[in-house]
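The values are calculated or read from the model by the stated rules, or taken from the named source; none is laboratory data. Please read all numbers here as calculations on a predicted model, not as lab measurements. Cβ atoms come from the backbone with ideal geometry, glycine included; neighbour counts cover every protein chain shown. All accessible areas refer to the heavy atoms of the entire protein, side chains included, with ligands and DNA or RNA removed. Shrake-Rupley method; radii C 1.70, N 1.55, O 1.52, S 1.80 Å.
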Amino acid sequence: MEALIKKRINQVLKGDQNAFGEIVELYKDKVFQLCFRMLGNRHEAEDLAQEAFVRAFVNIHSFKINMKFSTWLYRIATNLCIDRLRKKKPDYHLDAEVAGTEGLNMYSQIASDTLKPEEEVASLELQESIQEEITKLPEKYRSVIVLKYIEELSLKEISDILDLPVGTVKTRIHRGREALRKQLRHF
Amino acid sequence: MNCHEDIIEYMHDYLDEDITSEHQEILRNHLQTCSECREYFHEMKKAVALVQSTSHIKAPDDFTARVMAQLPKEKKQVGAKR
């Protein structure tokens with residue numbers, strides 16, 4: 001697998017864009033799944049997964065050939081997801097004016113935005129409920145849990161992707177697992 | 001539960017497949033006698049199993065085509081300028 005990927009990367013470096021298409025085909029499901037489990041939303045996951053591949057293409061010259069390609073690619077995707085999650089919160093400043101509403105602020109919009117009955121019905125599905133619980137995890141625990149249990153990566157690979165010591169990855173997995181134990185015990 | 005902190009640590013080590021045989025022996029013996037820890041361990045393994053059971057999802061069919069359409073056409077632009 002890695003040998004094939006490296007051959008394709010060399011072709012891309014020589015200007016063959018089609019070779020990059022083969023790389024996308026090989027990793028698209030893994031990267032999409034990673035983004036979906038991190039964000040809990042298909043649309044956003046699709047956007048960010050595509051963005052991850054575009055960035056990989058643009059930066060392909062900085063990929064070090066002795067590295068595992070998937071580690072490098074997952075790092076790009078994970079960082080994009082983490083950035084997106086961190087940016088989400090400041091968007092919700094209650095006193096920020098929403099463009100085009102002149103004087104109306106978020107306070108006046110909240111009432112109509114909170115409860116949507118159709119969302120409650122959809123969440124009855126077990127799969128979706130579990131995803132909701134994953135989405136409730138703080139971002140630093142969510143990323144390690146997704147990488148370990150859904151992408152099935154080793155502690156060492158997770159440490160390379162997140163650029164954290166293995167000991168820190170371990171502690172976060174323990175905390176994440178504790179949180180999930182409490183959240184999922186009545187399932 | 002506080003008196004069992006060591007045991008909970010061993011549970012995590014066990015789940016990380018990073019436990020010494022000595023600790024594994026202690027964990028096994030303790031679980032045989034302590035129903036509280038047995039329940040705790042069960043809940044933890046159940047949580048992991050549920051997370052792992054979320055079925056693997058696939059990227060949409062047009063995914064690769066859409067990525068390829070977004071790639072910068074560097075070569076052509078350079079050619080046009082010349």
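Structure notes:
- Excluding ligands, DNA and RNA, the accessible surface per residue across the range A:117-185 is 48 Å² with a 1.4 Å probe.
- Counting 0.36 nm for each residue step from A:Arg55 to A:Lys136 and taking away their Cα separation leaves a gain of 26.4 nm.
- Calculated FRET value between A:Glu152 and A:Lys14, using beta carbons and R₀ = 25 Å, to 0.05: 0.15
- Here the gap between B:Ile57 and B:Asp6, fully extended at 0.36 nm per residue and compared with their Cα-Cα distance, gives a gain of 14.6 nm.
- 3J(HN,Hα) along the range A:74-86, derived from phi through the Karplus expression 6.51 cos²θ - 1.76 cosθ + 1.60 where θ = phi - 60°, amounts to 5, 5, 4, 5, 5, 5, 4, 5, 4, 4, 4, 5, 6 Hz, with x in place of Gly and Pro.
- Between the helical axis of B:35-53 and the longest alpha-carbon principal axis of chain B there is an angle of about 20 degrees.
- Per-residue Karplus couplings for the range A:152-165, computed as 6.51 cos²θ - 1.76 cosθ + 1.60 with θ equal to phi - 60°, are listed in order as 6, 9, 7, 4, 5, 5, 4, 5, 5, 5, 8, 6, 10, x Hz, Gly and Pro entered as x.
- Contact order normalised by residue count of the range A:117-185, Cα under 8 Å, 6+ apart, percent: 34
- Each residue, A:Val166 and B:Gln70, gets one label point 7 Å from its Cα in the Cβ direction; the gap between the two is 3.5 nm.
- Interface B:A - total buried accessible surface [probe 1.4 Å, Å², rounded to 100]: 3700
- Loop-located GluC sites (Glu not before Pro) in the range A:120-187, at most 13 other Cβ atoms within 10 Å (DSSP): A:Glu125, A:Glu152
- Across the range A:48-59, computed HN-Hα scalar couplings (Karplus, 6.51 cos²θ - 1.76 cosθ + 1.60, θ = phi - 60°) run 6, 5, 5, 4, 4, 5, 4, 5, 4, 5, 4, 9 Hz from first to last residue, x flagging Gly and Pro.
- For trypsin sites (Lys or Arg not before Pro), the sites in the range A:155-187 that DSSP calls loop and that have at most 15 other Cβ atoms within 10 Å are A:Arg185.
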